[in-house]
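Contents: one structure, followed by commentary.
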Amino acid sequence: MTNTQVTLVQIDNYGPWTVTPEPRREADLQTLQSRLYADISQFVGNRNGYVFFTRFDNMIAVTNGLDLEDHRLLQESVGNRYPVTLSLGVATGTTPAQALSDATSLIQDAGSAQDENRREILDGRTIDTAYRTPEDLQIAHFDVIDATGEYTDELNAFDSFIEIEQGYASLMRYMRHAHDSLSFFVGGDNIIVVCPDLERADYVDAIEHVESDVEVALQVGVGRGESAHDAGYAAKHALERCRARGTQVELER
């Protein structure tokens, strides 16, 4: 059974801040968002977690191994170096989607994302060190079969992007509704999915659904671990076996 710890990272009062005292330059906002994501990703990654940017004003992190003190340090670090602050909701669950739902509720209960009085909320619970196991996380790393030959070297860059994004959107919806999983596009043709306790047949079904839905062919490596890094690294190795063997699903145990 998996036990995923999820942290919702939400920038406080970000919408109003972007237009106060007048609308800020879009290039400046994009730069701030990308630098903030990079710093949060480095902070969490140094503790073997993963961060996904989603909408940038909201980021989703897999934080198995981080305690509440780590989360406080992240808030302090960002608050000292950026003109914005972060609120963090932390929750655990046997499915990633349920953990995220619980983490989201913790922040929402503290006030609106555009409430100027809600600042640096930190609420929730983490997995006690004594109860962590190598089976806590299951991460799947999908990519598009021969993306270079099918898209990159055949279509213009934007049309290639459309094709890859269609595959991502189809997989994201399917995995969310069929398996309470959270899927994230991470660049190129790569999608990382944080999953509950799934079997090979579940991944075969997902691949068949995407190919039928949008005609994008996927392959996937699946790994387990005590941290996001451990599970994700095992998934990368399993994906390399897919490429070497010409298979569509490989599980690293």
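A few notes on this one:
- Debye log10 I(q)/I(0) for the range 197-253, one point scatterer per Cα, at q = 0.18, 0.31 Å⁻¹: -0.60, -1.15
- Dipole magnitude (debye, nearest 20) for the range 99-233, charges at Cβ of Lys, Arg, Asp, Glu: 560
- Chain lengthening between Ala169 and Leu155 when straightened (0.36 nm per residue, less Cα-Cα): 3.1 nm
- Solvent-accessible heavy-atom area per residue, rounded to whole Å², over the range 1-64 at 1.4 Å: 47
- Between Thr18 and Ala201, the simple spin-label model (points 7 angstrom out along Cα→Cβ) gives 4.5 nm.
- Relative to the dominant Cα principal axis of the chain, helix 68-81 is inclined by about 70°.
- Per residue value of the accessible surface for the range 115-253 (all protein chains in place, 1.4 Å probe), Å²: 51
- Computed from label points 7 Å out along Cα-Cβ, the spacing between Ala38 and Asn117 is 3.8 nm.
- Only one residue of Ile191, Gly149, Gly65 has its Cα farthest out toward the positive end of the dipole of the chain, where Lys and Arg carry +1 and Asp and Glu -1 on Cβ, and that residue is Gly65.
- One decimal place: the segment Ile162-Arg125 gains 9.4 nm when fully extended, by the rule 0.36 nm per residue minus the C-alpha distance.
- Modelled this way, with points 7 Å down the Cα-to-C-beta line, the labels at Asp146 and Asn46 are 4.4 nm from one another.
- The chain - percent of accessible surface contributed by carbon and sulfur, probe 1.4 Å: 47
- For the chain, averaging the sequence separation of C-alpha pairs within contact (under 8 Å, six or more residues apart) and dividing by the residue count gives a relative contact order of 22 percent.
The values are calculated or read from the model by the stated rules, or taken from the named source; none is laboratory data. The model shown is predicted, which means the values in this text are computed figures rather than measured ones. Note that we place each Cβ from the backbone using ideal geometry, even for glycine, and neighbour counts take in every protein chain shown. Surface areas here come from the heavy atoms of the whole protein model, side chains and all, with no ligands, DNA or RNA. Shrake-Rupley method; radii C 1.70, N 1.55, O 1.52, S 1.80 Å.
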